[in-house]
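First the structure, in the form of structure tokens, and then the observations on it.
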Amino acid sequence: MGHKYVYLFSEGNENMRELLGGKGANLAQMVKLGLPVPQGFTISTEACTRYYEDGKRIAPEIEEEIKTYLAKVEEINGKKFGDKRNPLLVSVRSGARASMPGMMDTILNLGLNEDVVEGLIAQNSDPKFERFVYDSFRRFIQMFSDVVMEIPKKTFEVIIDEVKEQKGVKDDIDLDADDMKLLVKRFKEYYKEQKGEDFPFDPQVQLMEAIKAVFRSWDNPRANVYRRMNEIPYSWGTAVNVQPMVFGNLNENSGTGVAFTRDPATGEKALFGEYLINAQGEDVVAGVRTPSHITKLAEDMPEVYEQFVTIANNLEKHYRDMQDMEFTIENGKLYMLQTRNGKRTAAAALKVAVDLVDEGMISEDEAVMRVDPKQLDSLLHPQFDAKILKNAKALGAGLAASPGAACGQVVFTANDAKNLADEGKKVVLVRLETSPEDIEGMEKAEGILTVRGGMTSHAAVVARGMGTCCVSGCGDIHMHEEEKYFVLAGQTFHEGDPISIDGSTGKIYGEMIPTVEASISGDFDRFMKWADSRRTLNVRTNADNPRDAAQAVKFGAEGIGLCRTEHMFFEADRIKAIRKMIVSKTPEDRAAALAEIEPLQQGDFEEMYRVLEGRPMTVRFLDPPLHEFVPTKKEDIVELAGEMKMDVSELESVIAGLHEFNPMMGHRGCRLAVTYPEIAAMQTTAVIKAALNVSKEHPEWNTTPEIMIPLVGEKRELKFVKDVVVKTADTLIEEAGSSMVYHVGTMIEIPRAALTADQIAEEAEFFSFGTNDLTQMTFGFSRDDAGKFLDAYYENKIYEADPFARLDQVGVGSLIQMAVEKGRATRPNIKLGVCGEHGGDPTSVEFCHRVGLNYVSCSPFRVPIARLAAAQAAIKDQGK
């Protein structure tokens, strides 16, 4: 027997996610648990991989295997595919091993054609049944045309709107059998007009084309963007689930819904969800009709509701996590179509994890592993300023779909959201309803507002997953999408107008409301204590001022891993002095200019040390090229020339002389201190004096300066600058009569430094890996310009992620590992850390744990993310 690519649901289980995908594995497990699941089969992820390997075609032996399993499903269900009297109709749905809601494609009602439709109606003359059959057929034509043949779904919506307008009705449900018949006719005509051929009649052809389309959807643009955002490897592929249809649109005793065992926005332990009577699943998530709350099902169909509650509770107990379930009721009978661990907000994730521990369902270690570190970001973002909010008048409200506050200018398309956000503008994306194609714009927007859709609509689910504020289903909005304006409470909003939305209350405001930082406590503090007790990596922050340092300490930072001193030089009261230093002709003039800066820099360091209360601070000496500090405006050049008693033309010549063809690899970092040792002497003086003063004020604090020399590539280069530092520092400490200890180290950000780390460690007491520059120099492209061409690399599967966002563990990682081993061979107690933004990326933090670094350092708001990621890395390590 050849390789097996197809599995009946009864042949699988929940542990086969890699092969059957999440949906297939969970359907199989529900069958095992004896739940009412329409019995179908799953085409494995290996078949998807083979499809791409074979040039995007399904191999003949796999096609035969699919036909064999289709026959088995026919036998199990007592129906025949394509039969006029007793037809088997199926859904064809994607199912990757990681949940990707709305990113890939689904086709419902497959197997319908003119003969099957006529055969079904011949057996039941009820006009309502006739309407149901034609409704199912028009849905199938629309979905198949969109997903398989790439005729946009919206064009069919226009035809529906035309028919409704002619009839004078508002909702699809108001159309009768004749109207549905007319829609089928017009859909087929439009299909032929677009494709030059009739809509496919043969159900076998329909099935194979649909399976290929689902495989293709693994590589569609929105799926690729989602995978990059969520670090899902392209190589995984998707499974395809072929399942007999059950019909929520059969009659008024039928319906469909989506429900969660706990509230996905708050984590509250109560059944949460929505359903629609006489509808198919796409109607709920597409947001075309506004659904009823799940509890109303207890009134509409009490027995079905009771059965569903029992199943929901059993599934949560089995999976020991909050479940997200899809169900359909066909003529009073309940069917389960899916269960998966539910997407949830950060607040809900924390509450559910803590509650499950308290309920004795999971351990603290499991709770720590349940929360995605990146989600914590959304807990830490600002909320509206309560004082100003008090006086603001809400114009309307929708559903509070994803918490947080957002303000910005109105935009109506995902492209506009992306483009304006890239220009640094805050935007709120306003849509009739979002679709998966909007993913990039949704990611860039501060918030999302939709007219249609419930709490389980696409906008709500995706926004919650991204931690983006979202208000959905505001039916009071009169939308004019094409003309780019909408009206709410008599106020017209055009593109660019200000708006504020509150994803925690659902309220909408026609003004910009300022925000204040989030406050965190309760479950967060308790949960993070669990995380902190597990991790071995320390977490520091990158901060250049007391404000950021204080924020980071509040978020649990254990020190500063990177204080960029050049940011202090750009302040208005000191930029002139640094410019004087740059254009000085003699060491004496330079020293005089630096003397103006030294007390200001010392004052900055003193404030930082006070905020840190004895926690360590690594101060990086001046790093950027000098041309960044010189004036560019004519009036500033004239003013500086006057102060320096220079001719304007002479000063312009000096400024022109600072120009470099490749400044990122030019006269910067330690090279500045080699050329101008007085810069290193001044900065050392500022750091040491500040530490001495604060130590005197607070002898109980262990204030130990860490001085970092940047951009070192040669041991002698480091020694030259270190000698300046040591001579200056030792003199100051001796004069103060102090025994204060300090450390001198370097950034490893040039590949040569990693290759010669054993030699550099003879002089350096610590290494801090500057992964931003190390990535730049290892790849050989500029981080400022790479964005112009990286999209082509993603599209062509050369890179799966931005190497500046997620550490390249193969190339850059090898250099880091080499430097760690070489550094420790020379100096066993050398302190090792990372201070690039990779320090806040969870997969990069896991790598840092694995190679044995002492700490990671990241921006203040990413500190909790790094703390949790470090804890998860330690727990994973123990499990090996």
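The values are calculated or read from the model by the stated rules, or taken from the named source; none is laboratory data. Just so you know, these numbers come straight off a predicted model, no measurement behind them. Note that each Cβ is placed from the backbone with ideal geometry, even for glycine, and that neighbours are counted across all protein chains shown. Heavy atoms of the whole protein, side chains included, go into the accessibility calculation; ligands, DNA and RNA do not. Shrake-Rupley method; radii C 1.70, N 1.55, O 1.52, S 1.80 Å.
Once you have the Cα-Cα distance between R526 and E63, take 0.36 nm times their residue separation minus that, and quote the gain in nm to one decimal.
Net length gain for the segment: 161.3 nm.
With the cut-off at 30 Å, tell me which of the pairs K128/K333; K80/K188; K67/K164; K80/K317 have Cα atoms farther apart than that.
Flagged as over cut-off: K67/K164; K80/K317.
Could you give the dipole magnitude of the range 692-791 about its Cα centre, charging the beta-carbon of Lys and Arg +1 and that of Asp and Glu -1, in debye to the nearest 20?
Dipole magnitude for the range 692-791 comes out near 200 debye.
Please work out the FRET efficiency for the pair D730 and K634, using the Cβ-Cβ distance as r and a Förster radius of 35 Å; give the result to the nearest 0.05.
Computed FRET efficiency for D730 and K634 comes out at 0.15.
Mind pulling the angle between the C-alpha long axis of helix 60-77 and the longest principal axis of the chain? Nearest 10 degrees, somewhere in 0 to 90.
For 60-77 against the chain, the angle is about 60 degrees.
Over the chain, what is the relative contact order in percent, taking alpha-carbon pairs closer than 8 angstrom and at least six residues apart?
9 percent
Could you sort the peptides 681-689, 660-668, 11-19 by per-residue average Cβ neighbour count (10 Å cutoff), highest mean leading?
Peptide ranking by packing, descending: 681-689, 11-19, 660-668.
If you stretched the chain out fully between V810 and D385, how much longer would it get, using 0.36 nm times the residue separation minus the C-alpha to C-alpha distance?
That works out to 148.5 nm of additional length.
With Cα extents along the principal axes in Å defined as stated, name the option among (i) 123, 79, 47; (ii) 103, 63, 52; (iii) 127, 74, 60 computed from the structure displayed.
Computing Cα extents along the principal axes in Å and matching it to (i) 123, 79, 47; (ii) 103, 63, 52; (iii) 127, 74, 60 gives (ii).
May I ask you to compute the full-extension gain from A270 to T492, defined as 0.36 nm times their residue separation minus their alpha-carbon distance, rounded to one decimal in nm?
76.1 nm
Ranked highest first by average number of other Cβ atoms within 10 Å, how do 311-320, 324-333 line up?
For the peptides 311-320, 324-333, the packing ranking is 324-333, 311-320.
Along the charge dipole of the chain, pointing to its positive end and built from +1/-1 on Cβ of Lys, Arg, Asp and Glu, which listed residue (A353, H318, A595) has its Cα farthest out?
The residue sitting most towards the positive pole is H318.
In percent, how large is the relative contact order of the range 118-176, given Cα pairs closer than 8 Å and 6 or more residues apart?
Once normalised by length, the contact order is 21 percent.
Go through the range 535-622 and name the chymotrypsin sites (Phe, Trp or Tyr not before Pro) that are in a DSSP coil and have 14 or fewer other Cβ atoms within 10 Å of their Cβ.
When the chymotrypsin sites (Phe, Trp or Tyr not before Pro) of the range 535-622 are filtered for loop state and at most 14 Cβ neighbours within 10 Å, F570 remain.
Exceeding 20 Å between C-alpha atoms, which entries from my cross-link table qualify? They are K689/K722; K390/K426; K351/K529.
Table pairs above 20 Å Cα-Cα are K390/K426.
List the residues whose amide H sits under 5 Å from the amide H of I362, counting only those 5 or more places along or on another chain, with H placed 1.01 Å from N in the peptide plane.
When sequence neighbours closer than 5 places are left aside, the close amide H contacts are V357.
What shape does the range 318-390 take by its C-alpha gyration tensor, where a ≥ b ≥ c are the square roots of the eigenvalues and a/c under 1.5 counts as rounded, a/b above b/c as prolate, and the rest as oblate?
oblate
Going down the table (K719/K876; K4/K374; K585/K831; K4/K212; K153/K507), which pairs top 29 Å between alpha carbons?
In this structure, K719/K876; K4/K374; K585/K831; K153/K507 exceed 29 Å between Cα atoms.
Pull up the DSSP beta bridges for the range 1-154 and report the antiparallel fraction as a percent, rounded to 5.
Roughly 75 percent of the DSSP beta bridges within the range 1-154 come out antiparallel.
Give the lysines whose C-alpha is closer than 18 Å to that of K634, dropping any in the same chain fewer than 8 places away, or say none.
K576, K580, K645
Rounded to the nearest percent, how much of the accessible area of the range 497-588 (1.4 Å probe, protein heavy atoms only) is carbon and sulfur?
48 percent
As a test of the formula, what do you get for the chain when each DSSP H run with n ≥ 4 contributes -39,500 (n - 2.57) and the sum is divided by the residue count, at 222 nm and rounded to the nearest 500 deg cm²/dmol?
-14500 deg cm²/dmol
Give the distance, in whole Å, between the Cα centre of the range 36-52 and the Cα centre of the range 492-566.
Measuring centre to centre over Cα atoms gives 42 Å.
Rounded to two decimals, what is the ratio between the C-alpha radius of gyration of the range 86-159 and 2.2 N^0.38 Å?
Its radius of gyration relative to the 2.2 N^0.38 Å reference: 1.28.
Determine the percent antiparallel among the DSSP beta bridges restricted to the chain, to the nearest 5.
60 percent
Just to confirm, what accessible area per residue do you get for the chain at 1.4 Å probe, in whole Å²?
41 Å²
If I take every Cα pair under 8 Å that is 6 or more residues apart in the range 237-304, average their sequence separation and divide by the length, what percent do I get for the relative contact order?
Across the range 237-304, relative contact order equals 27 percent.
Could you state the number of Å between the C-alpha centres of the range 826-880 and the range 1-25?
Each part's Cα centre sits 36 Å from the other's.
Calculate, in whole percent, how much of the Cα-Cα pair population of the range 582-729 lies beyond 17 Å.
66 percent
Among V516, V451, T731, pick out the residue whose Cα is farthest towards the positive end of the charge dipole of the chain, where Lys and Arg carry +1 and Asp and Glu carry -1 on C-beta, about the Cα centre.
Sorting the options by dipole projection puts first T731.
Using the basic label-point model (7 angstrom from Cα toward the beta carbon), what is the T675 to E821 distance in nanometres?
3.7 nm
Could you state the number of Å between the C-alpha centres of the range 648-679 and the range 753-822?
Between the Cα centre of the range 753-822 and that of the range 648-679, the gap is 26 Å.
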